[in-house]
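What follows is a single structure, written as structure tokens, with notes after it.
The values are calculated or read from the model by the stated rules, or taken from the named source; none is laboratory data. These numbers were taken from a predicted model, which means no experiment stands behind them. In this analysis, Cβ positions are derived from the backbone assuming ideal geometry, glycine residues included, and neighbour counts consider all displayed protein chains. Heads up: the accessible areas ignore ligands, DNA and RNA and are worked out on the full protein's heavy atoms, side chains in. Shrake-Rupley method; radii C 1.70, N 1.55, O 1.52, S 1.80 Å.
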Number of protein chains: 2
Amino acid sequence: MRYINFEDTGDAISDEVFMKEALKEAHIALEQDEVPIGAVIVSKNRIIGRGHNLTERLNDVTAHAEMQAFTAAANYVGGKYLHDCTLYVTIEPCVMCAGAAYWTQISRIVFGARDEKRGFSVFGSQLLHPKTTVISGILAEESATLITSFFRNKRAQ
Amino acid sequence: MRYINFEDTGDAISDEVFMKEALKEAHIALEQDEVPIGAVIVSKNRIIGRGHNLTERLNDVTAHAEMQAFTAAANYVGGKYLHDCTLYVTIEPCVMCAGAAYWTQISRIVFGARDEKRGFSVFGSQLLHPKTTVISGILAEESATLITSFFRNKRAQ
């Protein structure tokens, strides 16, 4: 796995465009009182899978945004592997989602804000496939603010 | 996470009974030409979730035996958490499934044979929830033989 900082890449503009789509998914989650995390999967500049967190509504810990986007994208391509695809997700994938990303052999993961508790990088970059490149920090502040204000409101209730 | 060897536990008989149920699931996968791995989730000596690998049929890397058993068990209990439950799975859970197990806070994981490539323990026991106890080696040989003969046959085709 290679790890590239936002500043090192020339893909910032298109990455922001797609991260905004992931943020739209996060807002849909928020409207449903779910932890506001969203994801899209892109192949050749086309969104082939979308997802937002639905763990509360479905009573199912596996219903993370990324997992649903993986399933949708695999359905679109008609195969398990997501070579030449990019996952955009507002928050750093957790161990489960990183483990799923490994199996897809996805080419790139672009995430917004870090998850310093359960983000995969806490446990080592080898959780991902060696072919997967990771870019972090795209619209990180907007992504993080959504989450922190969600939990602040929850605590105030 | 505590790690207990088969010899250290007094639960061997009931663990074998439920592992045989997981093996039945693995055999169902085998009949469908899927990688033969099966799982059941048990609460108070009752099976509340079952699953077998369906990644090929569903074209979906997330369709591991454990993931389907988690979803089924959560549906049964009407909640996300699987406290006081045991996951029985024929092969050591991968990173994805260990990450899902973390979110369920499941009490025990009992597995058959180790997966020395992508088994969670390759990457460290902290992938699991600290409340989760792991027991390995229950019907390990039968579980491993199913897998190795499956891949031997695949290579011969």
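A compact table of results
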{"item": "Answer residue from the range A:52-73, given it is among the polar types (S, T, N, Q) and in a helix (DSSP H, G or I) and is farthest from A:Gly119 (Cα to Cα) among those", "result": "A:Thr71"}
{"item": "Checking B:Lys117 against (1) in a helix (DSSP H, G or I); (2) more than 22 Å from B:Glu21 (Cβ to Cβ); (3) not small (Gly, Ala, Ser), the condition it does not meet", "result": "(1)"}
{"item": "Cβ pairs under 9 Å, 6+ apart, first in the range B:29-43 and under 11 Å from B:Ala65 (Cα atoms) and in a strand (DSSP E or B), second open to solvent by 10 Å² or more (accessible area, probe 1.4 Å) and basic (Lys, Arg)", "result": "B:Gly38/B:Lys24; B:Gly38/B:Arg50; B:Ala39/B:Arg50; B:Val40/B:Lys24; B:Val40/B:Arg50; B:Ile41/B:Arg50"}
{"item": "Per-region count, the range B:108-118, residues open to solvent by less than 10 Å² (accessible area, probe 1.4 Å) and either in contact (Cβ under 8 Å) with a residue 60 or more places away in the chain or at the interface with chain A (Cβ under 10 Å from one of its Cβ atoms) (or both)", "result": "2"}
{"item": "Pair list, Cβ under 7 Å, 6 or more apart: the range B:79-107 residue facing another protein chain (nearest Cβ under 10 Å), other residue of a type in the set (D, E, K, R) and crowded, with 24+ Cβ neighbours inside 10 Å", "result": "B:Pro93/B:Glu66; B:Cys97/B:Glu66; B:Ala100/B:Glu66"}
{"item": "Selection within the range B:45-78 - open to solvent by 60 Å² or more (accessible area, probe 1.4 Å), under 22 Å from A:Gly49 (Cβ atoms), facing chain A (nearest Cβ under 9 Å) and of a type outside the set (A, V, I, L, M, F, W, C)", "result": "B:Glu56"}
{"item": "Within the range B:126-141, considering residues that are within 11 Å of chain A (Cβ to nearest Cβ) and in a helix (DSSP H, G or I), the one farthest from the chain's Cα centre (by Cα)", "result": "B:Gln126"}
{"item": "Count of residues meeting criterion [among the acidic types (Asp, Glu) and over 13 Å from the mean Cα position of the chain (by Cα)] in the range B:68-120", "result": "2"}
